[in-house]
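The values are calculated or read from the model by the stated rules, or taken from the named source; none is laboratory data. Keep in mind it's a predicted model, so treat the numbers as computed, not measured. We place every Cβ from the backbone using ideal geometry, glycine too, and count neighbours over all the protein chains shown.
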Amino acid sequence: MRSLILVLPFIAIAFLSWGVYGPVLHEGQYGMGAPLEPSSLRPFICVGIAYFLIAVVAPLVVLRTKGETGHWTLSGAVWSFAAGAAGAIGAMGIILAFKFRGNPVYVMPLVFGLAPVVNTLVTMSMARTFRQAGGLFLAGIVAVAVGAAGVLLFKPVAKNVEVTELADGSIEVALKRMVRSDSGMREWKTTEWNAKSLDELRTNSELEKAYRLYLKKQPLPLSQWATILASIAFTALCWGSYGPILHKGQMKMQGSRLRPFLCVGLAYFAIAVLAPMPLLQVFEEPGGWTLGGAAWSLAAGAAGAIGALGIILAFNFGGRPIYVMPLVFGGAPVVNTLTTVVAEGTVGDVGIMFYVSLALVILGAVVVLVFAPRRRKTAAPRSDGSSEGSIATADTPSATGGESASAGGEPSSSSDSGTQSFGDGATLPDEDSSDKTAADVDQESDEDTFDSEDTHDQRDR
């Protein structure tokens, strides 16, 4: 219980940070772009700078002053840099989805729902555990798919915005918002804008907000929907691959946490800062650098990096992946949705079916994470013919002679080896059989999930 109390604050930091990432980045894009074309490269650069400060500078200071377990290896640096590249490229997918008028209220929940599925499938591919997939795991994938369709179908429409196009070509835009009066009472306030033509509405800087509201009421063409959905799928693929690849790098560095994180920051800096800089000189982009837009974009990058750091700290303080990641991926979409609808003043416009679909996406993602098939640990061969430390799958008999339990099953004890096998793939020793902590055993179990050869190398060391 004490370990859980220490872990929960870092879990909260992670899902709160990732939950506000989308809405904050969305503001940064429009702050440095035009009403019709939000900026893409400038916010991307700001995200890379924020990651560099948090994921490179801060870890370097800690490594120089306090040090850390593990050590640098070339293979570990390559894997960790590849993970950072996947994260940075995925961030560009989010920016593109917003650029083509995607809204954070449905873009981010879809990403947070699909990324865990991709993460689990990539992990299963690396661990060769596809044949062990159970019914609950498959049901989780179906739940994510159905929920994602519902999120798109029942996405909230801004009912507090009214657009009137008159016969003479003029356009009236009205926005109703609940505000607090001088007497302290809450009341509706209506703000109106008038333009003589659509061209004036689009080009007059004083009508910029009115034009953004006007666009919200216009249906997206099929081509833009296709681009938005492709960007979401691309981000889910990149961010879903991030975890398994980063874990591989971590194990190649003998369990180091900060060194792989530092490599992630370097990858962000290379892809999100160094690469876009010359592109800005070649490709003309709408808008320009603004203090407000840069501040929002830097805040978004900081939120992403702090969220990743929160997960690392949660694991360092004894958190286990079986509940850390479901809580993060379950909480982030809720924070995202609440932040977006409050900022846009559309709390009352969200229907019950959208919330039901959002809950289905979250539930499906959690089920996929919890019931993902994992390799099981048994005992490797001893001189008497028994085994200790080998890797067993669902097709391999366990140390007691029975079949290993499915992922997510009830704990089962073995009198022969003095261990307890848990549904998340960890094998915990009895209290008197080892002085290892549960977190230590969890880390060993995670190593088994990805690469049995790495585990044997670690055991030999």
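A quick yes/no check of all residues on (1) surrounded by fewer than 20 Cβ atoms within 10 Å (Cβ to Cβ); (2) within 25 Å of F98 (Cα to Cα); (3) among the aromatic types (F, W, Y):
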position: V7; (1), (2), (3): no, no, no
position: V24; (1), (2), (3): no, yes, no
position: G28; (1), (2), (3): no, yes, no
position: G31; (1), (2), (3): no, yes, no
position: Y51; (1), (2), (3): no, yes, yes
position: L63; (1), (2), (3): yes, no, no
position: A83; (1), (2), (3): no, yes, no
Scope the range 193-230; condition under 27 Å from the mean Cα position of the chain (by Cα) and either closer than 17 Å to P104 by Cα or surrounded by 14 or more Cβ atoms within 10 Å (Cβ to Cβ) (or both); matching residues: K216, L220, Q224, W225, A226, T227, I228, L229, A230
Conditions (1) assigned to a helix (DSSP H, G or I); (2) modelled with pLDDT under 90: number failed by I45: (2)
Among residues of the range 3-37, those that are touching a Phe, Trp or Tyr at 6+ places or on another chain (Cβ under 6 Å) and within 21 Å of P109 (Cα to Cα), counted: 5
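What about S80, is it within 30 Å of V144 (Cα to Cα), assigned to a helix (DSSP H, G or I) and hydroxyl-bearing (S, T, Y)? Write out each step before concluding.
Values: within 30 Å of V144 (Cα to Cα): yes; assigned to a helix (DSSP H, G or I): yes; hydroxyl-bearing (S, T, Y): yes.
Answer is yes for this residue.
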Given (1) within 22 Å of A299 (Cβ to Cβ); (2) among the aliphatic types (A, V, I, L, M); (3) within 16 Å of the chain's Cα centre (by Cα), index of the condition A86 fails: (1)
Subset of the range 164-184 (residues that are surrounded by fewer than 17 Cβ atoms within 10 Å (Cβ to Cβ), among the aliphatic types (A, V, I, L, M) and touching a residue at least 24 places away in the same chain (Cβ under 8 Å)): M178
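Out of E37, E68, I need the residue that is under 30 Å from V157 (Cβ atoms) and surrounded by fewer than 16 Cβ atoms within 10 Å (Cβ to Cβ). Which one?
Numbers: E68 fails: under 30 Å from V157 (Cβ atoms).
So the residue among E37, E68 that is under 30 Å from V157 (Cβ atoms) and surrounded by fewer than 16 Cβ atoms within 10 Å (Cβ to Cβ) is E37.
Any residue at all in the range 237-260 that's within 19 Å of R101 (Cα to Cα) and modelled with pLDDT of 85 or more? Let's see the steps before the verdict.
Taking the range 237-260 as the starting set, the residues that turn out to be within 19 Å of R101 (Cα to Cα) are none.
For the range 237-260, residues within 19 Å of R101 (Cα to Cα) and modelled with pLDDT of 85 or more: absent.
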Among the candidates F81, F100, F44, residue that is hydrophobic (A, V, I, L, M, F, W, C), under 27 Å from M251 (Cα atoms) and in the same structural domain as A233 (by TED's automatic domain parsing): F81
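Scan A55, A34 and give me the residue that is touching a residue at least 24 places away in the same chain (Cβ under 8 Å) and assigned to a helix (DSSP H, G or I).
Working: A34 fails: assigned to a helix (DSSP H, G or I).
The conditions single out A55.
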Residue within the range 291-298 that is touching an Asp or Glu at 6+ places or on another chain (Cβ under 6 Å), buried (at least 21 other Cβ atoms within 10 Å of the Cβ), aromatic (F, W, Y) and modelled with pLDDT of 90 or more present: yes
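I'd like to check something: does the range 337-352 contain any residue that is modelled with pLDDT under 70, under 25 Å from L114 (Cα atoms) and not assigned by TED's automatic domain parsing to the domain that holds F15?
First, pick out the residues of the range 337-352 that are modelled with pLDDT under 70: none.
No, that holds for no residue.
Out of curiosity, is A303 under 23 Å from V20 (Cα atoms) and touching a Phe, Trp or Tyr at 6+ places or on another chain (Cβ under 7 Å)? Quick ask: steps written out before the conclusion?
Values: under 23 Å from V20 (Cα atoms): yes; touching a Phe, Trp or Tyr at 6+ places or on another chain (Cβ under 7 Å): yes.
Spelling it out, A303 is indeed under 23 Å from V20 (Cα atoms) and touching a Phe, Trp or Tyr at 6+ places or on another chain (Cβ under 7 Å).
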Residues being β-branched (V, I, T) and within 24 Å of W72 (Cα to Cα) - total across the range 210-255: 1
Positions within the range 133-179 being among the charged types (D, E, K, R) and more than 30 Å from A115 (Cβ to Cβ), in sequence order: K159, E162, E165, D168, E172, K176, R177
Qualifying residue in the range 300-316 (condition: of a type in the set (F, W, Y) and either more than 30 Å from T73 (Cβ to Cβ) or not assigned by TED's automatic domain parsing to the domain that holds V105 (or both)): no
